[in-house]
């Protein structure tokens, strides 16, 4: 088989090419503008195949601007021509939609006429159904539907052109709203439900998760993950005798908009919406006799589409990153029938997963990679632009997300961890987004290696403006299980204390020379609350706190300052071995990274949580009572299976454990 793909650098295109590389044989030719060749070469490296070759061209040119000699050489040899290059953006203007969606399709058909492929595969959209009311199956197309926006109109028009003018056999694919990969969360732009994520983040940060909010029934939407779309397209394209058909790549079960929003709110830890007045009320009984045009959801939708309301929305929710055009099209009037597609996929193992099963994955990826709040923060940009930030433990978790946020604000992350490969992946991500980063692999439990690292950084970096001591080791084990494991205490002290201060001491001469520098220590809420079973871990963090407090007075005159963050429980790989934490309220690595950014911008001496401060006060004012409460928790929470060296963990007191975890949110039990 031989393939030609347009839009291979796009979101769906990248995943489709990966499917072809992984599961098909033969060359994959990908259209690429000359100015995007470097990015394409990076993608080819990530696809991991020498079968992918770029073909220089341009979507806006006749015949896609492909060299006639290349066309002549490959005529009659291409089995599948996939046309994905288009605008998938509700906010794009009429001219852009026309040029990319309609003009681009005509140019692709011109090339197809010369290449004469076995089949032309057009990626359309359910937007071609416009505002059709009711069931819309794969055999339907020109149903007299209203096309409410340039996007709807040009998706319809481009599909019409393929149906009526394609010089070779064709197949059409109509995805619904495509979100990130259900396994990794990977997404490359803010679109669809992602527009609402900043508002959800704002709600999470300022409202308690238990607070019920009143919502309205906004009808149904339809969301599918990109990995499903790519796998389904690959499978359907290779089925025999399906030319001239359209396939709906949609969720067979329409999703109420409010349910979709609540799935993401739950993933974010934000309050959720209840709809006391929904279609079960407005569409039943006497209200069911009310014409559709007068029903509350229809009236609300039409109101949102009105020009004066759109102008108001642009100046209100638009400032939160939610375009008014998106609010006007949050739901579908059509119900997309995909029975023909489901039948064609039967036996392949390809199906649409439930949104609830991967909503957390999508949210986490957005929060760590697409959230632009740091880039928009003027104070963060002023503090970090052009500054070199040494981050230990930068290969995953808090350190990795902090590096991404530092780069977003214009800083230069200096990535330090043992695993060079993971650090290089993080650097590649930063550079693909236009940033800059440096990689310094180092085992931070090896003091001599730290000395060499400091010498190398002092020589090679123009400055060391910030040091984030994030690398750490946590051990959760009671004292009764530690009598023959004194190395637990030695290992935690070696990395969390000795390694951290050795790094800072090695970089102090450089910072003194600059007459500036700021050190951020990732400490623990445990230093304030003293939870049982964490004697090794808390002692090492307390030692780092005490050392920093003492040397702060010695170095402040040299322009070197310290911030200690008493971090609550964070959802990172470090806590994964303790399975009960899966049910605990935790903060995300992105929330933790936001605290690190705040520490670098504001440079306070400490950043604490309210609960951590309360714990510190309790130990001072009523120490006996505090230890009684901690002893109760000691008996409620068992040692983990990992601590015991066993394969299971008792769960008979799980309800008490979860109750205490919710009461004392963020403490490492």
- Take residue 456 and decide whether it is part of a loop (DSSP other than H, G, I, E, B), touching a strand residue (DSSP E or B) at 6+ places or on another chain (Cβ under 8 Å), more than 25 Å from residue 524 (Cβ to Cβ) and assigned by TED's automatic domain parsing to the domain that holds residue 521. no
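For residue 308, are the conditions met, namely being over 31 Å from the mean Cα position of the chain (by Cα), at pLDDT 65 or above and not assigned by TED's automatic domain parsing to the domain that holds residue 245? Even if it seems obvious, please write down each step before you answer.
Details: over 31 Å from the mean Cα position of the chain (by Cα): yes; at pLDDT 65 or above: yes; not assigned by TED's automatic domain parsing to the domain that holds residue 245: yes.
Answer is yes for this residue.
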- Return the pairs, sorted by first residue and then second, in which the second residue is modelled with pLDDT under 90 and surrounded by fewer than 24 Cβ atoms within 10 Å (Cβ to Cβ), the first residue lies in the stretch 1-13 and is more than 17 Å from residue 225 (Cα to Cα), the beta carbons are less than 9 Å apart, and the residues are 6+ apart or on different chains. 8/43; 9/36; 9/39; 9/43
- Looking only at the stretch 363-398, count how many residues are more than 16 Å from the chain's Cα centre (by Cα), over 20 Å from residue 190 (Cα atoms) and part of a helix (DSSP H, G or I). 7
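Would the stretch 117-139 turn up any residue that is under 20 Å from residue 14 (Cβ atoms), assigned by TED's automatic domain parsing to the domain that holds residue 60 and assigned to a helix (DSSP H, G or I)? Full working, then the answer.
Kept after step one, since they are under 20 Å from residue 14 (Cβ atoms), are these residues of the stretch 117-139: 121-125.
So of that shortlist, the ones also assigned by TED's automatic domain parsing to the domain that holds residue 60 come out as 121-125.
With the extra rule that they be assigned to a helix (DSSP H, G or I), the set shrinks to none.
Looking for residues that are under 20 Å from residue 14 (Cβ atoms), assigned by TED's automatic domain parsing to the domain that holds residue 60 and assigned to a helix (DSSP H, G or I), one finds none in the stretch 117-139, hence no.
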- If you go through the stretch 368-391 one residue at a time, do you hit one that is in contact (Cβ under 8 Å) with a residue 12 or more places away in the chain, out of contact with any helix residue (DSSP H, G or I) (no Cβ under 8 Å at 6 or more places or on another chain) and under 22 Å from residue 473 (Cα atoms)? no
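Please find, among 154, 184, the residue that is surrounded by 16 or more Cβ atoms within 10 Å (Cβ to Cβ) and either assigned to a loop (DSSP other than H, G, I, E, B) or under 32 Å from the mean Cα position of the chain (by Cα) (or both).
Details: 184 fails: surrounded by 16 or more Cβ atoms within 10 Å (Cβ to Cβ).
Of the residues listed, the single one that is surrounded by 16 or more Cβ atoms within 10 Å (Cβ to Cβ) and either assigned to a loop (DSSP other than H, G, I, E, B) or under 32 Å from the mean Cα position of the chain (by Cα) (or both) is 154.
Scanning the stretch 486-538 for residues that are outside any helix (DSSP H, G or I), in contact with a helix residue (DSSP H, G or I) (Cβ under 6 Å, 6 or more places away or on another chain) and without any contact (Cβ under 8 Å) to a residue 60 or more places away in the chain, which turns out farthest from residue 470 (Cα to Cα)? Outline the logic, then answer.
Of all residues in the stretch 486-538, those outside any helix (DSSP H, G or I) come to 486, 515-525, 530-534.
Checking which are in contact with a helix residue (DSSP H, G or I) (Cβ under 6 Å, 6 or more places away or on another chain) leaves us with 517, 519-521, 523-525, 532, 534.
Filter once more, so that each one left must be without any contact (Cβ under 8 Å) to a residue 60 or more places away in the chain: 517, 519, 521, 523.
Working: 517: 17, 519: 11, 521: 7, 523: 8 Å.
Here the residue is 517.
Any chance the stretch 82-98 includes a residue that's farther than 29 Å from residue 151 by Cα and either buried (at least 21 other Cβ atoms within 10 Å of the Cβ) or not assigned by TED's automatic domain parsing to the domain that holds residue 178 (or both)?
Keep residues of the stretch 82-98 that are farther than 29 Å from residue 151 by Cα, which gives none.
So far as the stretch 82-98 goes, no, none of its residues is farther than 29 Å from residue 151 by Cα and either buried (at least 21 other Cβ atoms within 10 Å of the Cβ) or not assigned by TED's automatic domain parsing to the domain that holds residue 178 (or both).
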- Note on the structure: Out of (1) in contact with a strand residue (DSSP E or B) (Cβ under 8 Å, 6 or more places away or on another chain); (2) assigned to a helix (DSSP H, G or I); (3) within 25 Å of residue 623 (Cα to Cα); (4) touching a residue at least 40 places away in the same chain (Cβ under 8 Å), the one residue 545 does not meet is (4)
- Kindly check whether there is at least one residue in the stretch 191-201 that is touching a strand residue (DSSP E or B) at 6+ places or on another chain (Cβ under 7 Å) and part of a loop (DSSP other than H, G, I, E, B). no
- Task: Mind listing whichever residues of the stretch 348-362 are part of a loop (DSSP other than H, G, I, E, B) and under 16 Å from residue 180 (Cβ atoms)?
- Result: 352, 353, 354
- Identify the single condition in (1) closer than 24 Å to residue 172 by Cβ; (2) surrounded by 18 or more Cβ atoms within 10 Å (Cβ to Cβ); (3) in contact with a strand residue (DSSP E or B) (Cβ under 8 Å, 6 or more places away or on another chain) that residue 101 does not satisfy, given that it satisfies every other one. (3)
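Does residue 33 satisfy being under 26 Å from the mean Cα position of the chain (by Cα) and either farther than 15 Å from residue 82 by Cα or touching a residue at least 24 places away in the same chain (Cβ under 8 Å) (or both)? Before you say what the answer is, go through the steps one by one.
Numbers: under 26 Å from the mean Cα position of the chain (by Cα): no; either farther than 15 Å from residue 82 by Cα or touching a residue at least 24 places away in the same chain (Cβ under 8 Å) (or both): yes.
When the stated conditions are applied, residue 33 does not pass them.
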- Message: Can you find a residue that is surrounded by fewer than 14 Cβ atoms within 10 Å (Cβ to Cβ), under 30 Å from residue 410 (Cβ atoms), modelled with pLDDT under 90 and within 32 Å of the chain's Cα centre (by Cα) anywhere in the stretch 566-589?
- Response: yes
- Message: Can you tell me which condition residue 440 does not meet? The list is (1) in a loop (DSSP other than H, G, I, E, B); (2) touching a helix residue (DSSP H, G or I) at 6+ places or on another chain (Cβ under 7 Å); (3) surrounded by fewer than 24 Cβ atoms within 10 Å (Cβ to Cβ), and all the others hold.
- Response: (1)
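The values are calculated or read from the model by the stated rules, or taken from the named source; none is laboratory data. Nothing here was measured: the structure is a model prediction, and the numbers come from that model. All Cβ positions, glycine included, derive from the backbone under ideal geometry; neighbour counts span all protein chains shown.
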